[in-house]
Amino acid sequence: MTTEMSPESVSGPSSTDQSGPESFSTTASKVTTVLGWLSLASIAALLAFGLLISPPEISQGESVRLFYIHVPSAIVCLYIAFSITFVGSVIYLRKQSVFWDLVAGASAEVGVVFLGFTLATGMLWGKPTWGTYWTWDPRLTSTAVSFVLYLGYLAVRRLDMDPVARSKRAAILGIISFANLIIIRYSVAWWRSLHQGTTLDPRDTQLDDSMLVSFFLGLVALSLTFAWLVIHRFRVAWLEHQLEAQQLEVAIAERTASAGPTGLAAGGA
Amino acid sequence: MVDNWPHSSLQRSDGSLTEIDLTPVEPSSTASRNKLRNRLLMGGVLVLLGFVLFQALTSARVFFRNVDEAVAERAEIGDQTFRMQGVVVTEPAENSRGAITFQIAFNDVEANIVHIGEEPSDLFELGMPVVVEGHWEGDVFASTQILVKHSESYVADNEDRPGVGENPTYESESNDGVG
Amino acid sequence: MGWEYVIPGYLIVFGSLATYTITLLRRGRQLAAQLPPEKRRFLD
C-alpha cells in the first residue's frame, strides 16, 4: 500500500536520527498507518450517521445518539480490553513474559479510557432519560467498582518498586478485576435494576435500521481505534521498558567504576 | 517514573541486585519522595474503592420492590425508604402545593404517589415505567425521586412502525435502504 | 430535545481520543530518540 500520508506525520519528522522506515523513530508502522486511516474513516462515518443521518428517537429524542458511543465503548472495554489484560496477566504469571505483561498493561490503560467514556456518556444519557446523572443501581455500581479496580491496576503499574514484583502484583490485580466484570454482565439479570437489559439480542433486534447502522459504525470505529491505541501504547511501553533496562545498566556500570572494592564490601546494606 | 526507578531499585535491601554496592548517590530525599508517591497512589485508589463500595452496600439496603409487593408488605415496611417500580397509570397532575400526584401500578395493584423533589425527566408521562424512591405515609407513597426506566426498544421519530405512532404517515424516505 | 447532552458526550469522547493519541505519539517519538534503533521495537 502506498500510504505516504499518515495520521502520525502530523507531529512532523523527528529531529536528527535517520528517518528511514527501519529506524523506528516513531511508534508507527505500516499496519498502524492503515489502521489509523480506517479508524478515522469509520469515526467520520459514525459522526455522519450518528449525529446527522439517523433520526431522533420517538420518546427520548436526540439523546438516543449517545447510545451509539455508550454501548460500543462499553463492549470494547469490558469484552475486549479487559479480556486481553486478563489473558496477558495469566500468561505473565505462568511464563514471566515481558511481552504479555506490557500487552496487559497497554490494554488496561486504553480500556480504562474507554470505560471512562462509557461512564461519561452513560451519565449524560441518564439525565435526559432517567432523570438523574447517577444512581447507585447494581449495574452502575459494579461498573464504578470496575473503573476503580482498573485505576488501581494502572496505579500499581506506576509504583516505584522492583519491576518484576510490580508486574506480578499488577497481573494478580488484572485477574481479580476481571472477575468483577462478570457481576457487571449479569447485574441487570441478577438484581432489579433501573438500567435497561440487553438491547441487542440477536434474535430480536429492537433497534430501528439507521440506528442499527449507527450502532455498528460506533462498534467498528471504537474497535479500530482501540486496536490502534493498544498497539501504540504497547510500543511506548516497550520503549519505557528498554529505557529502564538501559538506565539500570548505565547506573550499575557507573557505580562499579566509582565504588571499587570498598563498594563491594558494603553491598547489601 | 521511568527515570526514577533505578534509584530506588539500587537501594533495595533484598540483596538480589547487590553484587556491587548500589546505595544511591543521590540524596535520600528522592527515595522518600518516591515512597510517599507510592503511598499516595495506592491510598488514593483505596479511598475511591472504599467510597464506591460504601455506596454499593448502603444503597443495596434500599430495597427495590414492585408495587404489588410494596402494598402487600406495607405493614412490615413502615416508614423505611425504598424504591418502588411500576407503570404510570394516571395522568400526572400538580397539586396546590407544587407536588406531583399520580398512580403507578404493577401486576394490577395500584399505589398513589405524591412526589416532592427534583423534576422528573421529560420522558415522565402516562404509560411510562418508573422507579420512585421514598416511603409510605399511610396509603400514600411519598416520593423524593422519580426515575424513568429506559424502554428497551428504539423507534425512529419519523418512521411508521406497526403499533407505534398514532398517525401513520407512510414516508417514502425512510432510512431502510441506507448501509 | 437532548442535543445539550449529545454534543458534550461526543466532544468528551472524541476530544479525549485526540488528546490521548497525540500524547502517545509524542511520548513514543521522545522515548525512541533516547534508544538506539535496534532496541526500539519489539521483534520476535
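The values are calculated or read from the model by the stated rules, or taken from the named source; none is laboratory data. Remember, predicted model here, so these are calculated numbers, not experimental data. Note: ideal-geometry Cβ built from the backbone for every residue, glycine included; neighbour counts use all protein chains shown. When the accessible area is computed, the model is the full protein with side chains, heavy atoms only, and any ligands, DNA or RNA have been set aside. Shrake-Rupley method; radii C 1.70, N 1.55, O 1.52, S 1.80 Å.
Observations, loosely collected:
- Scan of the range C:7-23 for residues that are within 16 Å of A:GLY116 (Cβ to Cβ), of a type outside the set (S, T, N, Q) and within 12 Å of the chain's Cα centre (by Cα), ordered by number: C:PHE14, C:GLY15, C:LEU17, C:ALA18, C:TYR20
- From the list A:ALA155, A:ALA144, the lone residue that is aliphatic (A, V, I, L, M), open to solvent by less than 40 Å² (accessible area, probe 1.4 Å), without any contact (Cβ under 8 Å) to a residue 12 or more places away in the chain and assigned to a helix (DSSP H, G or I) is A:ALA155.
- Top-ranked residue in the range A:164-174 [being crowded, with 17+ Cβ neighbours inside 10 Å and farther than 20 Å from B:VAL52 by Cα; ranked as farthest from the other protein chains (Cβ to nearest Cβ)]: A:ALA171
- Residue selected from the range A:18-49 under the condition at the interface with chain C (Cβ under 8 Å from one of its Cβ atoms) and assigned to a helix (DSSP H, G or I), by the criterion least open to solvent (accessible area, probe 1.4 Å): A:ILE43
- A:LEU207 meets the conditions (1) open to solvent by less than 40 Å² (accessible area, probe 1.4 Å); (2) modelled with pLDDT of 90 or more; (3) within 12 Å of chain B (Cβ to nearest Cβ) in every case but one. The failed one is (2).
- Candidates B:PHE51, B:PHE102 - the one that is of a type in the set (Phe, Trp, Tyr), open to solvent by less than 70 Å² (accessible area, probe 1.4 Å) and modelled with pLDDT of 90 or more: B:PHE102
- For beta carbons closer than 7 Å, sequence separation of 6+ or different chains, a first residue in the range C:29-44 that is facing chain A (nearest Cβ under 7 Å) and a second that is open to solvent by 60 Å² or more (accessible area, probe 1.4 Å) and at pLDDT 85 or above, the qualifying pairs are C:PHE42/A:PHE99.
- Evaluation of A:LEU78 against the conditions (1) of a type in the set (A, V, I, L, M, F, W, C); (2) at pLDDT below 95; (3) more than 18 Å from B:VAL52 (Cβ to Cβ) shows that the sole unmet condition is (3).
- Near pairs, Cβ below 8 angstrom, 6+ apart or cross-chain, from the range B:64-88 (in the same structural domain as B:ASP139 (by TED's automatic domain parsing) and closer than 28 Å to B:ASP122 by Cα) to any residue that is open to solvent by 70 Å² or more (accessible area, probe 1.4 Å) and of a type in the set (A, V, I, L, M): B:VAL88/B:LEU126
- The requirement of being within 7 Å of another protein chain (Cβ to nearest Cβ) and more than 30 Å from C:ARG41 (Cβ to Cβ) is fulfilled somewhere in the range A:105-122, by at least one residue.
- Residue within the range B:63-73 that is within 10 Å of chain A (Cβ to nearest Cβ) and either open to solvent by 40 Å² or more (accessible area, probe 1.4 Å) or under 30 Å from A:ARG169 (Cβ atoms) (or both) present: yes
- Residues considered: B:GLU173, B:GLU166. Of these, the only one that is over 28 Å from the mean Cα position of the chain (by Cα) and either farther than 30 Å from A:LEU217 by Cβ or at pLDDT 90 or above (or both) is B:GLU166.
- Pairs with Cβ under 8 Å, 6+ apart, first in the range B:121-132 and closer than 14 Å to B:ALA111 by Cα, second at pLDDT below 90 and open to solvent by 30 Å² or more (accessible area, probe 1.4 Å): B:PRO129/B:LYS149; B:PRO129/B:SER151; B:VAL130/B:LYS149; B:VAL131/B:PHE64; B:VAL131/B:LYS149
- One residue stands out in the range A:184-193 among those that are buried (at least 17 other Cβ atoms within 10 Å of the Cβ) and of a type outside the set (Gly, Ala, Ser): the one that is nearest to A:GLN246 (Cα to Cα), namely A:ILE184.
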